[in-house]
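Throughout, read-outs are computed from the coordinates displayed, never taken from laboratory work. This structure is a prediction, so every number in the text was calculated from the model and none was measured. Quick reminder, even Gly has a Cβ in these numbers, built from the backbone with ideal geometry, and neighbours come from all protein chains shown.
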Amino acid sequence: MAIAKLLLERAAQSGLLEPSQVDPLHQFLSEQAKDEPKFDFTHALYYLGGLIAIGALTLFMNLGWEEFGGWGILSISILYAAVGLLLTNKFRDAGRAIPAGICGAFVVALSPLAIYGFQQGMGWWPEDDVYRNYHRYIKFLWIYMELGTLAIGAIMVWRYRYPFLVMPIAVTLWYMSMDIAELIAGDIVNFREQAEITMWFGLAMTLFAFWVDLRSRKSLDYAFWLYLFGVMAFWGGMTSQDSDSELAKFIYFCVNLGLIGVGVVLVRKVFLVFGGIGACIYLGHLANEVFEDSWLFPIALTLIGVGVIYLGVLWQKNEQAITMAVRNYLPMQVRELLDERAI
């Protein structure tokens, strides 16, 4: 975590540091944090360029490439991958972890296109489908492309150890959560069943992210993208399941409150964002349907909001004591994770 020089100067003014230690300490901390993703102009250019290159051969792929045929697509994909690997190694040797990870992710993102070209070249691909639909429609046809991408992604993560390499793996797992429903049940499965399968797949992916978080607690953050797409799949599948039962809707609200709680404990904003959106959806349901004509509901909701703020004040006053008391009951690995990820 980057620390502003102003904070170190204030620490020196408070007698916690010698004034002569401020500059060397700030330089040391800045050097340690140079490879951490952050919101500055340099990193914005890195990620913008990387996402444009990845998008060019994934989301924004057009039908023009179909003219090259299967073997042509495979050959071009291999050429692109070779350039991506060359840049990955070049940036790695120069000590630039962020662009190296982005170029490595570009190679992984090419995998579905290369596998598609190989299948088409071998005559195994149906003529009524094209690659660009991979990012648009749910179909069991994509499963081999997804499995191949996961295999190549695992090799790249094992070889280069850059957290951003997990991003295309997480996206692929998210895609699989939607495609696997049709693979299992075919045309029999309806939208609600697809949503349920996606929800459980997302939950499994989130638990896997937690396991990765525990394993990598002493190193870089490899779990971020797995958490993002795991929670997205879980929350999206859960939210897509409509019900006329007020009890089911209240349980949905409670699960979202649970997500907020997990986000606070694990210091993961993705849980807070989706949990907060889900809680607002439930409150909107109460306002628009259950208490549509009640003048007391806005007043009660306001009082609840003030009460939540007051709970926040109490929490801030007693956070350290409560946190220490709760952590005493947690396994040592989880305690170490929370210490490492704490802000």
> Just how large is the dipole of the chain about the Cα centre, in debye to the nearest 20, putting +1 at every Lys and Arg Cβ and -1 at every Asp and Glu Cβ?
Replying inline: 1240
> Can you give the Rg and Dmax of region 86-182 based on its C-alpha atoms, in angstrom?
Replying inline: 14.6, 46
>> Tell me which trypsin sites (Lys or Arg not before Pro) from region 211-272 have a DSSP coil assignment and no more than 12 other beta carbons within 10 Å of their own.
In response: K218
>> Between R215 and A44, what's the calculated FRET efficiency when r is the beta-carbon distance and R0 is 41 Å? Round to 0.05.
In response: 0.85
> So what does the Cα-only Debye profile of the chain read at q = 0.06, 0.10, 0.12 Å⁻¹, as log10 I(q)/I(0), no solvent term?
Replying inline: -0.30, -0.80, -1.06
> How big is the gap, in Å, between the Cα center of region 253-286 and the Cα center of region 64-138?
Replying inline: 37
>> What's the longest uninterrupted piece of the chain once you rule out the GluC sites (Glu not before Pro) that are loop residues per DSSP with at most 12 other Cβ within 10 Å?
In response: 128-291
> What is the calculated FRET efficiency for S75 to I281, with r their C-beta to C-beta distance and R₀ = 45 Å, to the nearest 0.05?
Replying inline: 0.40
> Taking the Cα centre of the chain as the origin and placing charges on Cβ (Lys, Arg +1; Asp, Glu -1), which of L257, H135, L16 is farthest toward the positive end of the dipole?
Replying inline: L16
> Picking from W200, G69, G50, whose Cα lies most toward the positive end of the charge dipole for the chain (charges on Cβ: Lys, Arg +1; Asp, Glu -1)?
Replying inline: G50
> Using helices alone, what [θ] at 222 nm do you get for the chain, with -39,500 (n - 2.57) per DSSP H run of 4 or more residues, divided over all residues and rounded to the nearest 500?
Replying inline: -24500 deg cm²/dmol
> Hey, rough spin-label estimate for N328 and F208, points 7 angstrom out along Cα→Cβ, what's it come to in nanometres?
Replying inline: 3.8
> ³J(HN,Hα) across region 303-309 via Karplus (A = 6.51, B = -1.76, C = 1.60, θ = phi - 60°), whole Hz, x for Gly/Pro?
Replying inline: 4, 4, x, 5, x, 5, 4
